[in-house]
Amino acid sequence: MKIKLLQLLQVIALILAMTLVLTACRNGNTPDESISFPEISDYRTMSMPDGGWTGEEAGSVFYLHGKPIEIPFTIASLGDEYSINEDESSITEEHGVRGIMLNYKGHLMEYFSVGFLGKDVPTDFEQALYTEVSGINIHVRDEELSMYGNVLVFNGIRIGSSVDEVVAAFGETDKKTQHNESIIAVSYKRRYDDDKNCMGFWFNENGELDIFSVIFENKTQN
């Protein structure tokens with residue numbers, strides 16, 4: 001598990017130029033099976049725009065708990081069902097808030113985190129509620145993939161999708177990372193800026209999507 005976690009952190013840093021700190025802050029909690037997730041059957045998809053993606057375009061086809069996320073967004077704009085889990089979130093006096101774990105209906109969403117980049121990151125949790133989010137990260141443990149099919153839909157794909165399904169939804173990738181002849185990660189560059197990525201996807205040893213991240217553009221990253 002420690003080896004996989006190290007690989008996870010290295011690959012996310014490589015393909016996304018961003019590490020949402022809380023990807024590593026999974027403390028072994030088990031999912032709360034008392035929470036039911038609505039079936040996500042009504043959602044919008046889009047083909048790869050000419051020239052590639054931006055984080056905002058990708059985010060416009062992301063649905064969480066049956067609802068689209070409006071880009072740009074803040075934690076507060078998600079609604080009253082969401083709150084910051086301060087015990088599981090990262091904040092330091094030197095760097096401010098870098099990564100946030102959320103609660104949904106009072107229960108930890110250990111599969112979903114948001115992050116802040118740049119010089120204007122919030123310095124406390126109150127500020128974090130109202131600061132524009134720089135990126136999102138989804139991380140589901142392999143043994144839980146079947147539980148979260150109704151949690152989110154991203155341009156028609158879901159947790160557990162294959163590499164081919166991701167490519168069919170988002171277009172040909174800018175980079176593929178392989179290990180032992182299997183594709184374990186793919187990434188997409190940000191349109192108009194080839195030095196930066198806007199999203200990346202990680203696949204387990206069975207070729208199933210279990211991690212992905214999206215980076216949005218905003219003024220705090222400049």
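The values are calculated or read from the model by the stated rules, or taken from the named source; none is laboratory data. All figures in this text were calculated on a predicted structure; none of them were measured in a lab. Ideal geometry is used to build each Cβ from the backbone, glycine not excepted, and the neighbour counts take in all protein chains shown.
What are the pairs, 6+ residues apart or on separate chains, where a residue within the range 210-222 that is closer than 13 Å to GLY59 by Cα and of a type outside the set (S, T, N, Q) has its Cβ under 7 Å from a residue that is at pLDDT 50 or above and assigned to a loop (DSSP other than H, G, I, E, B)?
The qualifying pairs are ILE215/SER134; PHE216/ILE71; PHE216/PRO72; PHE216/VAL133; PHE216/SER134; GLU217/THR54.
With within 17 Å of the chain's Cα centre (by Cα) and crowded, with 20+ Cβ neighbours inside 10 Å as the only criterion, which of SER113, SER90, SER60 stands out? So that I can check it myself, show each step before the final result.
Working: SER90 fails: crowded, with 20+ Cβ neighbours inside 10 Å; SER60 fails: crowded, with 20+ Cβ neighbours inside 10 Å.
Result of the check over SER113, SER90, SER60: SER113.
Search the range 126-149 for residues being closer than 20 Å to ILE100 by Cβ and acidic (Asp, Glu), and hand back the single one that is modelled with the lowest pLDDT.
GLU132
State the number of residues belonging to the range 70-122 that are small (Gly, Ala, Ser), without any contact (Cβ under 8 Å) to a residue 60 or more places away in the chain and closer than 20 Å to SER60 by Cα. Walk me through it before giving the result.
Kept after step one, since they are small (Gly, Ala, Ser), are these residues of the range 70-122: 76-77, 79, 83, 89-90, 96, 99, 106, 113, 115, 118.
Subset that is without any contact (Cβ under 8 Å) to a residue 60 or more places away in the chain: 76-77, 79, 83, 96, 106.
Retained after the next criterion (residues that are closer than 20 Å to SER60 by Cα): 76-77, 79.
Adding up the residues that qualify gives 3.
Residues in the range 138-154: is at least one of a type in the set (A, V, I, L, M), out of contact with any His (no Cβ under 7 Å at 6 or more places or on another chain), assigned to a strand (DSSP E or B) and surrounded by fewer than 21 Cβ atoms within 10 Å (Cβ to Cβ)?
No, that holds for no residue.
So which of ILE159, ILE183 ends up being under 20 Å from MET109 (Cβ atoms), free of Cβ contacts under 8 Å to residues at least 60 places away in the same chain and either of a type in the set (Val, Ile, Thr) or crowded, with 19+ Cβ neighbours inside 10 Å (or both)? First the steps, then the outcome.
Working: ILE183 fails: under 20 Å from MET109 (Cβ atoms).
ILE159 is the lone residue from the list that is under 20 Å from MET109 (Cβ atoms), free of Cβ contacts under 8 Å to residues at least 60 places away in the same chain and either of a type in the set (Val, Ile, Thr) or crowded, with 19+ Cβ neighbours inside 10 Å (or both).
One residue is enough: does the range 114-125 have a residue meeting the conditions under 25 Å from ARG44 (Cα atoms) and either aromatic (Phe, Trp, Tyr) or part of a loop (DSSP other than H, G, I, E, B) (or both)? Even if it seems obvious, please write down each step before you answer.
So the first thing to find is which residues in the range 114-125 are under 25 Å from ARG44 (Cα atoms), and the list is 114-115.
If we keep only those that are either aromatic (Phe, Trp, Tyr) or part of a loop (DSSP other than H, G, I, E, B) (or both) as well, we get none.
Taking every residue of the range 114-125 in turn, none turns out to be under 25 Å from ARG44 (Cα atoms) and either aromatic (Phe, Trp, Tyr) or part of a loop (DSSP other than H, G, I, E, B) (or both).
Are any of the residues in the range 33-51 modelled with pLDDT of 90 or more, surrounded by 12 or more Cβ atoms within 10 Å (Cβ to Cβ) and outside any loop (DSSP other than H, G, I, E, B)?
No, the range 33-51 has no match at all.
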